[in-house]
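Here is the structure we will look at, set down as structure tokens.
Only the coordinates and a few stated rules stand behind these numbers; no lab work does. Worth saying up front: this structure is predicted, and the values here are computed from it rather than measured. Because the Cβ atoms are built from the backbone with ideal geometry, glycine has one as well, and the counts that use them run over all protein chains shown.
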Amino acid sequence: MTVENLRTKGHYEGRRTCRSWQQKQKHKYLLFDMDGTLLDSMFLWHMLIEDYLDTHGYLVTEEMRRDMSYMRVGEVAQQLHETCLPEQTTDEIIHSIYAFMKQRYEDVTVKTGVVEFLQQCRDEGKVMAVVTATARELALPVLKRLELDQYFDLFLSTKDIGIDKLQPDIYVQAARELGAKSNHEAAVFEDAPYALKTAAEAGFYTILLDDPVFREEQADYIHLADEYYMSMEELLDRE
């Protein structure tokens, strides 16, 4: 795939800056990550395996944390089965991890400015999708509980297609299902640097949202973002 460099963001000069929404992003098709972008939940995923293993009397080493940071849940479960929990099958561990996270999602809240921004986009006729690495059975209930599901025309999980965000497939498929004829016609909202990199290199317009879990790492990837914001509140039209 030929990727054109459509980056319009100014040089990163030791601080994070952005231009206003009105001056920049005008795309009709919008793709939103969920955890850390729409929901204040990334810190829960960040600590999930550590807390889960703690209930089984194990401590997560720095090496384990590093190795599992980009793994899918099934891959994590396989590693835990091989190293820590041989008495449980991989499927049993996956089920337990999902149950553990489902309980945590009961207290998750929406990030600042998200509801207002989604309503603004809906009023402007934008077509929107959730594109997440979180399994459908976990994501849909929390989106419904927080009444965010009403804003989206499509939900797509990497679990649905079997390909993680290290590849652009989820963004490409979502954009096409929404109606975009090319990647350049869609904008991607992400907090995870590796996912932002994937979308940017595939030719999508990219908006990077701050999240404490990735804040330090984001500094090394901000040059790939067309826009950067501390929260979606900065994207709201102001009279």
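Shown in residue order for segment 134-141 are the 3J(HN,Hα) couplings computed by the Karplus curve 6.51 cos²θ - 1.76 cosθ + 1.60 at θ = phi - 60°: 7, 4, 3, 5, 8, 6, 4, x Hz (x for Gly and Pro). If you wrap segment 42-105 in the convex hull of its Cα atoms and look at it from every side, the mean projected area works out to 4.0 nm².
Place a point 7 Å from the Cα of L146 along the Cα-to-Cβ direction; which residues of segment 207-239 have their backbone N under 11 Å from it? Counting only backbone N, you get no residues.
Based on the Cβ-Cβ distance of Y194 and E92, what FRET efficiency does E = 1/(1 + (r/R0)^6) give at R0 = 35 Å, to the nearest 0.05? The formula returns an efficiency of 0.75 here. The HN-Hα couplings worked out from phi for segment 150-161 by the Karplus form 6.51 cos²θ - 1.76 cosθ + 1.60 (θ = phi - 60°) are 5, 8, 10, 8, 7, 10, 9, 10, 4, 5, 5, 10 Hz, whole numbers, x standing for Gly and Pro. Against the chain, whose longest principal axis is taken from its Cα atoms, helix 114-123 shows a tilt of about 40°. Binning the C-alpha pair distances of the chain at 10 Å intervals from 0 yields a P(r) profile of 7, 32, 36, 19, 6, 0, 0 %, listed from the shortest bin outward. GNM on the chain, alpha-carbon springs under 10 angstrom: the most fluctuating residue among L48, L31, L209 is L48.
Using per-residue counts of other Cβ atoms within 10 Å, averaged over each peptide, order 52-63, 188-199 from highest down.
Taking the mean over residues of other Cβ atoms within 10 Å, the ranking is 188-199, 52-63.
Extension gain, E82 to R136, is 16.8 nm, computed as 0.36 nm per intervening residue step minus the present C-alpha separation. Each label was represented as a point 7 Å from its Cα along the Cα-to-Cβ direction; for L236 and E217 these points are 3.0 nm apart. Across the chain, the mean sequence separation of Cα contacts (distance under 8 Å, 6 or more residues apart), normalised by length, yields a relative contact order of 30 percent.
Given a Förster distance of 25 angstrom, what is the FRET efficiency for D153 paired with S182, based on the Cβ-Cβ distance and rounded to 0.05? Numbers along the way, then the final one.
Details: r = 18 Å, r/R0 = 0.74.
The value I calculate is 0.85.
For the listed residue pairs K126/K159; K111/K165; K159/K181, the alpha carbons are within 30 angstrom of each other in every case.
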